[in-house]
Amino acid sequence: MCRKRKKIAIFGCSFTSRYRKDLCRTFNIAAEEMNVDLYYFNSRGKIGYKNRLYNNFEYEILDYIDLSAFDGIVFDGEGYDVEGIADKIFRKLCSSNIPIVSISSQAEGVYNIDFQDTNGIRMIIEHFINVHHFTKIGFMSGYLTHPDAQVRLKEFQSVMREHGMPEDGAGVFEGDFWFNKGNDAADYFLSLPERPEAIVCANDYMALALSKALKMRGIKIPKDIAISGFDGTVEGKDYLPNLTSATRERRDIARKTLKLLVDLSDGKNVDNIDLHIRPKIVLGQSCGCIPINYEEEAENINLLYEQQQNIYFNMYDAESSILKLNMVDNVRNLETTFSENSDNFGEYNAFFLMMHIDKKRRPAYDSEYTSPTGSFLPAVWIDKNNDYVGSPRQMNCSSLVPEPNSDRSHFYYIMSVQCADRAFGYTVIEMSGKDIFNDFFNVWLLNIAITLETILKNDSIKKLIKKLENLSKKDDLTGMLNRRGFDDFTREAISGLREPKNVCTMVVDMDGLKRINDEYGHYEGDRAIKTVADILIQCCDSGEIAGRMGGDEFYILAIDYTEKLLNRFLERLNGYVKEFNDKNDKPYRIGVSCGTCMEEISSLSKLDELLKISDERMYNQKLGKPGRRK
C-alpha cells in the first residue's frame, strides 16, 4: 500500500508572475519527488498598473479553509501587494498550530528560509573588484524601508569598507525594486563628478530599467558602465545584454521547505535542519565576462517571437471567450462554454467552480441567496480523466478540493471568485504538467465572475417580472386569482389538454353581502368576502383553479373531475361555512350559493358557455332559498 500523501498548503500572491511561476514549478518537482500534494491558495492582489483595482472579497475564502486538514503550510508573504493583507493572512495561518515555513520574508514564531543575500551581494561586488578591477562602484538600492534593501545596502557598504573604498562607493541611489526609477537613477549616476565604472543593483528589475535608461543616453553596457542585478530572473536572462546576477536557488528552497514540513509531520527531529539558501553568481554579458553569442541570441529572438505570437493568438481566443461568456444565461451553459473554449492558459486535468450556498441551499448566483454557510456546491465540474470521486451534493470547509482516485501527486491552484461587492465562491484547477497556468486563466476567472453577476441580476429581474405579473393576476383583498389571472390560467390549462377530459365549472356567490355592508359597513363586508375566499381556497385541494371575479362572485374550474370529487367539494364548502357561523361571534352569518356544470371538453373548447350555465344554476339556487336577501 502506498504511503498516504502529505498535504501542504502554499499561500501567496501573483503566482503567475515570472519569478513565482518558476517557484511553483520547482515546488511541484520537489513535491513529486516526495509524494506530496500541494494546494496553492493564489491571490491576484491589485489588478492593473495605471489604475490599480483591488477586490475586498478576494481573501474572504480564508474564513472557510480548514487549516487542520494540512500537514504543513508554506507562506510567501513578499508577493502580497495590498497593505495589511500579508499580516492578516499570517495571523490566520499561525492560529492553526500547523508547522509554517516562510520562504520570502522573515517572520516571527515560524521556520524561515535564510537566503543569505549578503553572500550574493558580496560575490557580485568582489567579482567587479577582483576580476574587473573596478574601483568606482555605485549601488542602486530598493526602497530603504524594505528589509531586503537594508540588508543588501549594508553588505555593499561593508564590502566597500573592507576593500578600502568609501562605504557608499561611487554613490547610492534609492530605487523601488521595480522598473519605475531607471531614468532617475541614470540621471543621478551620470551627474556624479566621476562616472561609475560599475553599478550593482539590488534586484534584476531595477538593473533592467537602469540598463535601458543608460542605453537611451548613449551609454554602452558593459563597455562604458558594467551593470549587475540580483535574484537571477528569467527577464534578466532574456535581456540584451543579459544580466550578471546572483540567484536564489529556487529548487533548494522547494526541497528544503517540503522536507522540513514532511519530517515535522512524521515526528522526526529537525533540530539540525539546514534552511540556508546559498546564492550563486550567474555571469552574464552586462559585466563583460560573457561575450554575446549572436547565433544563440538569434534563436532567443525567434523563441521570443513565437511566444509573442502565442500571446496574440491567446488574446484572440480570450476576446472570443469573453463574447461567448456574455451569451451565457445559466450555470449549465457556463460549464459548456468553459469546457469548449478554455485552451489558452495551458492544459489542465480538472476544473471545479464551487459556489457558496445559504441555509436553504441556494447558490450565490441566486437572487434570493442570503449569506454563506461555509458549505459549497459545484456549479462547474470538469474532470477530463475521471480522476475524482463523483460530483458531491455539497462540500464543506474540510474538503475544499474534491477527493482524487489516483495515487500520484496533485498540484491544485485555488482562487477566489468575486465581482464588485459579492463573493461567489472559489475555483480549483489542476494543471496537466508541473507548470502553473498563464495569466489568461486570471482573465477567465474575472469574466466568469462577471458572468455570474449577470446571471444573478437576470435572475433578479426575471423574479421581479414574475412577481409583478403575479401581482397583476392576483386579487388584493383575497390573494386569489383576479379575473385576468383566472382567464390566463384556465386558458392555459384547457389548451394543454392532449385528449378530451371531464371538466367542472362552479360559480359561487355570497348570500346577504348587501345587508352586511348596509348594517355593519364595508370594512366588515370585505372581511366576510375574505372569509368566503379562505374557505374556497381550503376546499381547492384537488387541482381546482379558483378566482374572484369581483364583488362577492367567485369562479372555479376543475379539470379531469368526477361527480365524487364535486360532491366532496360541495360538502366541504357547506361544512366550512357552517363551522364558521357556529364558532364565530359576528352579528351576521355568511352564506353561499353555488352553481355547477360538468362536461367533457377538448383543448379547443371555450369555458364561457359552461360558466354561463353554472351562473344560471347558482342564481336559481339563490332564488330558491327561503328569506333570500341580496
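The dipole here belongs to the chain: it is taken about the Cα centre, uses +1 on the Cβ of Lys and Arg and -1 on the Cβ of Asp and Glu, and is about 1620 debye.
Computed extension gain for residue 327 through residue 132, at 0.36 nm per residue and net of the alpha carbon distance, reaches 63.9 nm. Please give me the summed charge of the neighbours of residue 472: other residues whose Cβ is under 14 Å from its Cβ, Lys and Arg +1, Asp and Glu -1. Taking every Cβ under 14 Å from that of residue 472, the sum is +1. So for the chain, taking the charge dipole from beta-carbon charges (+1 Lys/Arg, -1 Asp/Glu), which of 157, 55, 234 sits furthest toward the positive end? Selected residue: 55. Relative to the Cα centre, the charge distribution of the range 215-365, modelled as +1 at Lys and Arg Cβ and -1 at Asp and Glu Cβ, gives a dipole magnitude of about 740 debye. With respect to the cross-link table entries 467/530; 474/564; 46/359; 21/223, which display a Cα-Cα separation exceeding 27 Å? Over 27 Å apart, Cα to Cα: 474/564; 46/359; 21/223. Taking a sphere under 9 Å around the Cβ of residue 418 and counting the other residues whose Cβ falls inside, with K and R at +1 and D and E at -1, yields a net charge of -2. Of the peptides 97-107, 228-238, the order by per-residue mean of other Cβ atoms within 10 Å, starting with the highest, comes out as 228-238, 97-107. Out of the DSSP beta bridges found with both residues in the chain, what percent are antiparallel (nearest 5)? About 60 percent, rounded to the nearest 5.
Note on residue 476 and residue 306: their simple-model spin labels are 7.5 nm apart, each label 7 Å out from Cα toward Cβ.
Between residue 40 and 10, 412, 413, 414, the built amide H atoms are under 5 Å apart, and every one of these is 5 or more places off in sequence or on another chain. When the alpha carbon gyration tensor of the range 260-341 is reduced to an equivalent ellipsoid, the three semi-axes, largest first, read 43, 35, 8 Å. Calculated on the alpha-carbon coordinates, the convex hull of the range 483-623 measures out at 100 cubic angstrom per residue. Spacing of the modelled spin labels on residue 518 and residue 316, each 7 Å from Cα toward Cβ, amounts to 8.6 nm. For the range 367-517, the residue among 454, 504, 433 whose Cα projects farthest onto the positive side of the dipole built from Cβ charges is 504. The charge dipole of the range 483-623, taken about the Cα centre with unit charges on the Cβ atoms of Lys, Arg (+1) and Asp, Glu (-1), comes to about 140 debye, rounded to the nearest 20.
The residue among 316, 69, 522 whose Cα reaches farthest toward the positive pole of the charge dipole of the chain, with charges on the beta-carbon of Lys, Arg, Asp and Glu, is 522. Peptides 284-292, 261-269, ordered by how many other C-beta atoms sit within 10 Å of their residues on average, highest first, read 284-292, 261-269. Residue 268 sits among other residues whose Cβ lies under 13 Å from its own Cβ, and their net charge, with Lys and Arg +1 and Asp and Glu -1, is -2. For the range 132-138, 3J(HN,Hα) computed residue by residue from phi via the Karplus equation (6.51, -1.76, 1.60; θ = phi - 60°) reads 9, 6, 6, 10, 10, 10, x Hz, glycine and proline entered as x. Ordering of 248-260, 380-392 by packing is 248-260, 380-392, highest average first (other Cβ atoms within 10 Å, averaged per residue).
For volume of the Cα convex hull per residue in Å³, the value calculated from this model appears in [x] 170; [y] 249; [z] 191 under label [y].
For residue 386 and residue 69, a Förster radius of 22 Å and the Cβ-Cβ distance give a FRET efficiency of 0.35, rounded to the nearest 0.05. Note on the chain: helix-only mean residue ellipticity at 222 nm, from DSSP H runs of 4+ residues weighted -39500 (n - 2.57) and normalised by residue number, equals -13500 deg cm²/dmol. Spin-label pair residue 167-residue 460: with each label point 7 Å from Cα along the Cα-Cβ axis, the two points sit 6.1 nm from one another.
Only the coordinates and a few stated rules stand behind these numbers; no lab work does. Treat the numbers as computed from the prediction; the structure is a model and nothing was measured. Because the Cβ atoms are built from the backbone with ideal geometry, glycine has one as well, and the counts that use them run over all protein chains shown.
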